[in-house]
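Q: Next up is a structure, given as structure tokens.
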Amino acid sequence: MRTRNPFVPAAIVAALTIGSLAACSSDGNSNYVTPQTPGSSSSSTQAAGSSDEATSEELPSDFPKDDVPLVDGTVVVARGDKDNGWSVTVQPKGKDGFAEAKSQLEAKGYTVQPGATDSKAVYSNDKYTVAVGTPGVSVTYAVTANQ
């Protein structure tokens, strides 16, 4: 029987929560991207479309796309900047988004920190720390630059 260190899962939850809360306030920063809300009027384009696919949000201009891989899918939230960190939530195309996210980070040279679970993990390399989690299907990344 394995025993868990109660501090590590709590630290992961705290990292994800802080990243999500920090991303909620833009303070006028142009690097913050807010989700687009479809118009309330009914239009023929929605009726004519074959699905209700959401439009992917743009990542902040300084998001480290080359260093932090994201799962393939629709970006539903993308906020932050280098000084405060970034928060990105992706609705993956498949159902293995969290497993894919972990594999991509490991393939990029990130090291998983102790305390990873089936739904949350923290990875780091010399440039960034990435807390990745899933409440179900979507995958949320809280990314901070290592100083």
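Q: When you check residue 145 against the structure, is it among the small types (Gly, Ala, Ser), under 14 Å from residue 67 (Cβ atoms), touching a residue at least 12 places away in the same chain (Cβ under 8 Å) and in contact with an Asp or Glu (Cβ under 9 Å, 6 or more places away or on another chain), yes or no? Walk me through how you get there before you give the answer.
A: On the way: among the small types (Gly, Ala, Ser): yes; under 14 Å from residue 67 (Cβ atoms): yes; touching a residue at least 12 places away in the same chain (Cβ under 8 Å): yes; in contact with an Asp or Glu (Cβ under 9 Å, 6 or more places away or on another chain): yes.
So residue 145 passes the test.
Q: Does the range 100-112 hold any residues that are free of Cβ contacts under 8 Å to residues at least 12 places away in the same chain and either surrounded by 14 or more Cβ atoms within 10 Å (Cβ to Cβ) or part of a strand (DSSP E or B) (or both), and which are they?
A: Going through the range 100-112, the residues free of Cβ contacts under 8 Å to residues at least 12 places away in the same chain turn out to be 103, 112.
Listed by number, the list holds a single entry, 112.
Q: Okay, moving on. Looking at residue 147 and the list (1) modelled with pLDDT under 95; (2) within 19 Å of residue 59 (Cα to Cα); (3) not basic (Lys, Arg), which single condition is not satisfied?
A: (2) is the only condition that residue 147 fails.
Q: Right, next: Could you list, in sequence order, all residues of the range 65-89 that are within 9 Å of the chain's Cα centre (by Cα) and either free of Cβ contacts under 8 Å to residues at least 40 places away in the same chain or within 16 Å of residue 124 (Cα to Cα) (or both)?
A: Once the filter is applied, which keeps residues that are within 9 Å of the chain's Cα centre (by Cα) and either free of Cβ contacts under 8 Å to residues at least 40 places away in the same chain or within 16 Å of residue 124 (Cα to Cα) (or both), the range 65-89 yields 70, 75, 86, 87.
Q: Test residue 97 against the stated conditions and say whether it is on the phi > 0 side of the Ramachandran plot and touching a residue at least 24 places away in the same chain (Cβ under 8 Å). Full working, then the answer.
A: Working: on the phi > 0 side of the Ramachandran plot: no; touching a residue at least 24 places away in the same chain (Cβ under 8 Å): yes.
When the stated conditions are applied, residue 97 does not pass them.
Q: Against the condition part of a loop (DSSP other than H, G, I, E, B), modelled with pLDDT under 95, among the small types (Gly, Ala, Ser) and surrounded by 12 or more Cβ atoms within 10 Å (Cβ to Cβ), how does residue 42 come out, does it pass? So that I can check it myself, show each step before the final result.
A: Working: part of a loop (DSSP other than H, G, I, E, B): yes; modelled with pLDDT under 95: yes; among the small types (Gly, Ala, Ser): yes; surrounded by 12 or more Cβ atoms within 10 Å (Cβ to Cβ): no.
Taking the combined requirement at face value, the residue does not satisfy it.
Q: For the range 65-104, which residues satisfy the criterion of being under 23 Å from residue 117 (Cα atoms) and of a type in the set (Ser, Thr, Tyr)?
A: 87, 89, 103
Q: Could you tell me which of the residues 132, 122 is part of a strand (DSSP E or B), in contact with a helix residue (DSSP H, G or I) (Cβ under 7 Å, 6 or more places away or on another chain) and without any contact (Cβ under 8 Å) to a residue 60 or more places away in the chain? Walk me through it before giving the result.
A: Working: 122 fails: without any contact (Cβ under 8 Å) to a residue 60 or more places away in the chain.
The match here is 132.
The values are calculated or read from the model by the stated rules, or taken from the named source; none is laboratory data. What you see is a predicted model; the values in this text were computed from it and never measured. Quick reminder, even Gly has a Cβ in these numbers, built from the backbone with ideal geometry, and neighbours come from all protein chains shown.
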